[in-house]
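Student: To start, I am sharing the structure in question, which I have written as structure tokens.
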Amino acid sequence: ILSVDAGASELPTSDFTACTVWGHYKGQWYLADVIHERFAYPMLKRRMIELISHWKADKVLIEKASNGFALFDDLFYTDNYRGKIFRILPRTDKTVRAEAATAELETGKFLLPKTAPWLDAFAHECRHFPAGHHDDQVDSLVQFVNWQKLPRSQSMLSRKPKGNISAYRPTLKERIHQRYREGHE
């Protein structure tokens, strides 16, 4: 599952686009990747399509704010992504949404790798929220955590995969499992 908080532009003063990539295995959620960059909209759209393809995403959660409006519309109405794209409409401020996710995060079912190129920046932003300079990665994390609590998200976990999954599922699970095999935080 990809959780996207789209930034407004590639300008240095703009918010970042943050995308967290989540895998589910044996009742736990694994944070497999984090993208945290500034994009002009055409590159944002291209990058999200690349990530959907690379991770073979079942679901893509897009916050409908900033460039998320256009990204949602462009992907939602594309046949290749029908049924995969979900809009997330924030109804409260960031701090309230983060507080709502805190108890769920403390359950121990959300795992981070011991090492990853993005891990230090991700952890730094989480530690300094809400007083930190940026909060885009936290927004993506919180959006995912609050979404996965919803009953409709649970049906995805018990569904039978479509098509011939033997070509990619073992590899994907193996990649995620390998990253966490030596332990987690």
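The values are calculated or read from the model by the stated rules, or taken from the named source; none is laboratory data. Note that the structure is predicted; figures quoted are calculated from it, not measured. Every residue, glycine among them, receives a Cβ derived from its backbone with ideal geometry; neighbour counts consider all protein chains shown. With ligands, DNA and RNA removed, areas are computed over all heavy atoms of the protein, side chains included. Shrake-Rupley method; radii C 1.70, N 1.55, O 1.52, S 1.80 Å.
Student: Tell me the strands (runs of 3 or more DSSP E) entirely within the range 1-49 that contain at least 2 residues that are surrounded by fewer than 18 Cβ atoms within 10 Å (Cβ to Cβ).
Tutor: In the range 1-49, 17-25, 28-37 are the strands (runs of 3 or more DSSP E) which contain 2 or more residues that are surrounded by fewer than 18 Cβ atoms within 10 Å (Cβ to Cβ).
Student: Among the residues of the range 132-147 satisfying the criterion of being of a type in the set (S, T, N, Q) and buried (at least 22 other Cβ atoms within 10 Å of the Cβ), which is nearest to the chain's Cα centre (by Cα)?
Tutor: Ser140
Student: Now for a separate question. Among the residues of the range 50-66, which ones are polar (S, T, N, Q) and part of a helix (DSSP H, G or I)?
Tutor: Answer for the range 50-66, where residues must be polar (S, T, N, Q) and part of a helix (DSSP H, G or I): just Ser53.
Student: Is it fair to say Ser53 is open to solvent by less than 70 Å² (accessible area, probe 1.4 Å) and either among the small types (Gly, Ala, Ser) or in contact (Cβ under 8 Å) with a residue 12 or more places away in the chain (or both)?
Tutor: Criteria not met by Ser53.
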